[in-house]
1. Anyone know which of C:149, C:200, C:109 comes out most mobile in the 10 Å Cα GNM of chain C?
2. If you project the alpha carbons of region D:1-93 onto the principal axes, what extent comes out on each, in Å, largest first?
3. At 7 Å along Cα-to-Cβ for each site, give me the label-to-label distance between residue B:79 and residue A:105 in nm.
4. What Kirkwood hydrodynamic radius do you get for chain C when you take the inverse of the mean 1/r over all pairs of distinct Cα atoms, in Å?
5. Which angle from 0 to 90°, rounded to the nearest 10, does the C-alpha axis of helix A:203-225 make with the longest principal axis of chain A?
6. Per residue of D:39-46, how many C-beta atoms from partner chains lie within 10 Å of its own C-beta, taken as a mean?
7. Specify the angular offset, from 0 to 90 degrees and rounded to the nearest 10, of the alpha carbon long axis of helix B:173-182 from the longest principal axis of the alpha carbons in chain B.
8. Counting partner chain Cβ atoms within 10 Å of every residue's Cβ in D:171-183, what's the average?
């Protein structure tokens, strides 16, 4: 991917400079501070990317996610596959090809990647399984169902593909793309012993879904600790209890 | 419920505009930020409603609860069952009929709905049971006893009805109303695999009680993890220990 | 205890009005906000009292501890056992006689009462026992040893009396005083299924100790979950591991 | 170590006075507030030291770590082994010789010491073992591999030495130095039932690594609770799952 921008220096600065707190360059900073308090982006891991029309904003690799500044942002032209802004001496995020997978295959408006313990533990309580499954939980209703254009129902079994982690993050791309293709109804892919990728039509939908997924991962892990099956049926209510 | 307000635009704006931080429209925003840090309203779920005389303030559906603005508030006339304010293009909360159940049956001043993991897990450690029960915990004393006009005692067994969740939130109304009627001494109803509804005479009482309930749910779940019965008796103290 | 103050209204206001953030009336507000984030004073429970010479500052009963204002403070003359300030219509804390027990018997400069889950669970993993015991933990070194004038050592077994809870908080006084007398080396008393009382020579020492105790309670509970004995010996190190 | 500074009072004040938020004296205060919210420095325990060329900044012993002020900082000349600043009446941190071990042996730019529960529990789930081991976790990639000049890989087994705690913190120095020597590939040393020492080339690398280590300790403890081996192999993926 070309790292020489077709834009002038002033144009590049303009891309990430705005008084609007909802501008992608500002919002990425604010949301990463939020995610840090949730334990999603500790140790510089994880992150968020926002697409504004053809411009894709991504935080750099290896920086303190709770201390980002708009000037740290990389900006990519989606159609030209070129960096419009590549701030020296920062490195582009290793998540870039993975975020692109969701932008390309699903037309997402934003992608979130977390290293949440709950996501990792959700892959570990499903040893050797290709999917994470949970059913009969209210928060499932916060997860869209791209196949139907609506949302999952309370009684639906939410199924999220788990792909195996690779030594290099960029090598996840192929299996991530395959999972996106094989699970048309998912808006997230878990990566074993690593974390989760979540995408949504807008940044707010992506954030809402990331919170719903994380909630469900935590619920499943806590259920496992209590000896309960997250995908199991609802127990019949006893007459006398 | 009519969504065309009998009020002028200026009157509608005045309903949610105040410099007083204790005005319901301001307080809902502030308390939702507080609840977000407690994990009660993640993923746009949960919320709070405050009644000021005949006016019932409710946050809209599907918005980031930690980012509410007073201008987002719906206002309902309790007596007329009409929206005094229905801000376009927001959607009224699906909790509205459930909050109304507590306003109607108990004359509550505020209602809180959380998706706290502790509330959900409290329903799951009581598989097939119609109630959650805990006894001999100091925080039980923070829970009112509407039947007596006072509060629960330390040695009382606090019993909270658990109703079964439904596919659509509004369909909970009937069973919620029934639980409120059948358990005259409760100020909360748990919804299996969903969360909890709590109400109180004032917003501060509702908040205090919601915190006490959540505390007790957490205590019960932690006791279950340690193999202890939350509703069990106090162990006799050993002479030599 | 007399609730009519010998002071003029202006003198009473002066007692709780100061620009100094370290003034007891200000510090109680700030520390309660801190304690709220730690889960120690949820649901209006728990609190802190600070003694400045003969004046004892105590937050009122039943108020949101994270929203205290200096004007809410009660002030007690220790020597005269009279309220110097009794702000209408607030109620004095039910902890007052218990804080006084530590002021009287130990000359404490501040007392903290928490409802921390860790404190309650620490009493529950010691079913039927009269004390909580933990050994061989670095944080034990943060706990003073009044009997020696120094601090506990790493290898010492820290022993904290557990008293049984009573239906009314003020009825704890007798057993709290007895525990203080019978355990001259303790600076805290656990109350079964209720919480903990901690005191220290100064407000900062009391806060430090309350944090050390809470840390040790959490450690003990987590050890119990992992099947380890908090008061057990250090395992010998294997030659080949 | 000499506590009489060769510097004038004005020079000493200048050492800790700066408008730059990245000045070590300011950064230590800010990061300790951050660490307090993570539970790393509760009860005045733990801390951070930053080296700026020959000047080593260290917070004092026994102070509230979330309430540090730049004027509290001790400054040490690394080459002269002399205090350039020894603010009366504060006491130097007992960690000083331990931080120096990492500065001397590894040329570190910053050292972090935490009492995180996860670090302590990580030593307790490895009863009698000389090392903590974890494998096949993405966050391992955030840990440098000084022996190779690069970083650990996803499939590497991360091995961290565990030394036994001593009654006095300064007595840890010998075994800490020995562990640093015997484990040339480590950038952290766990202390049984006490916490962890982490160092890095810069303050940001040290912070990132401390967060990665803490994350991995938590993951290992949560895996142990779920009956999983943190250093075990990846389960083969089932054909039909």
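1. Judging by the Gaussian network model, the answer is C:149.
2. 37, 27, 22
3. If labels sit at residue B:79 and residue A:105, their model points lie 5.9 nm apart.
4. 18.5
5. 40
6. 6
7. Roughly 50 degrees, rounded to the nearest 10.
8. 0
Every number in this text was worked out from the coordinates using simple rules, so none of it is lab data. All values derive from a computational prediction rather than experimental measurement. Please note: Cβ atoms are built from the backbone with ideal geometry, for glycine as well, and neighbour counts cover all protein chains shown.
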